[in-house]
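The structure appears below as structure tokens.
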Amino acid sequence: MQLKGVVTGLNIIPEKAYFRIGEVSKILSVEPYVIRYWETE
């Protein structure tokens with residue numbers, strides 16, 4: 001199976017419409033609580 005996505009620096013961003021918060025935190029290299037905080041602002 002070949003994954004399709006965009007390579008940015010060391011991260012590969014998969015081509016899909018929605019991401020779970022854990023997936024986003026891995027792509028951005030931040031903890032999930034940081035993303036949750038941004039979401040509330």
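The values are calculated or read from the model by the stated rules, or taken from the named source; none is laboratory data. The structure presented is a predicted model; accordingly, all values stated were derived computationally and were not measured.
Here are a few things to note about the model shown:
- Taking the criterion of being among the charged types (D, E, K, R) and modelled with pLDDT of 80 or more, the residues of the range 14-41 that qualify are GLU15, LYS16, ARG20, GLU23, LYS26, GLU31, ARG36.
- Qualifying residue in the range 4-13 (condition: modelled with pLDDT of 75 or more and not small (Gly, Ala, Ser)): yes
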